C-alpha cells in the first residue's frame, strides 16, 4: 500500500501554515538570541526613570539649606578637629549639586545610564544614615537630619524599587559601591579642606 499524501490543491494551504509557524518561532527566539528574553509587558528602564529623578537635586538642595541655616559645619567642628567655613561648605556642596544635576540630565538623556540612579540613591542613603546615627550617638540634633529622614529616605527607597529590578545584580552592586566611595571621598575632602588651602 502506498503512502497517501495531500492532494495538489492542499499544498498552498499547508505551506501557509508552515510559514506561519516559522514566523512565530522566530519571533519568540530572536530576543533570546540577542542575550535576553524581552517581555513587552514589563516596562523598560526608560519608562520608569521619569521626571521623578529630578527629585535628587531638589532634595539635595533642600538638605544643603537645612545644614547651612542650622549650622552643620559648627556642629561638626564641635565633635572633631576638622573645621569647614561656611564659604567652603557652600562651595563644596554647590559643586556636588551641579554634578548631581548633570548626572540626572545624563540619566534622562541615555537609558543606558539607569545604573547611575542606584549610585545617587546610595550617596543620599548613606548621608541620611550618617545624620541619623550621628544624632542618636551624640544625643543632639545633627543639622540635616530632618531632610535626611523625610526627603532622602523615601526617595532612596523609591529609586531602588524602580531601578534595581531593571539592572543586573552585578551592575547594581557596582553602582552602590561607587556611591559609597563617592560619599567617603566627600567626607575625607571636607575633613581635610585646610590642607588644600
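Every number here is computed from the coordinates shown, using simple stated rules; none is lab data. On a predicted model such as this, the values are computed, not experimentally measured, just so you know. Counting neighbours? That spans all protein chains shown, and the Cβs are built from the backbone with ideal geometry, glycine included.
At residue 161 and residue 79, where each label point lies 7 Å from the Cα along Cα→Cβ, what is the point-to-point distance in nanometres?
2.9 nm
With the contact rule set at Cα under 8 Å and sequence spacing of 6 or more, what percent relative contact order holds for segment 45-196?
RCO, segment 45-196: 33 percent.
In nm, give the distance between the simple-model label positions of residue 191 and residue 51, each being 7 Å from the Cα along the Cα-to-Cβ direction.
Roughly 4.1 nm, to one decimal.
What nm distance separates the two modelled labels at residue 149 and residue 169, each placed 7 Å from Cα along Cα→Cβ?
Taking the two extended label points, one gets 3.5 nm.
Once you treat every alpha carbon in segment 45-196 as an equal point and sum by Debye, what is log10 I(q)/I(0) at q = 0.15, 0.19 Å⁻¹?
The calculated log intensity ratios at q = 0.15, 0.19 Å⁻¹ are -0.78, -1.17.
Could you tell me the distance between the Cα centroids of segment 92-130 and segment 151-185, to the nearest Å?
Cα centroid to Cα centroid, the span is 9 Å.
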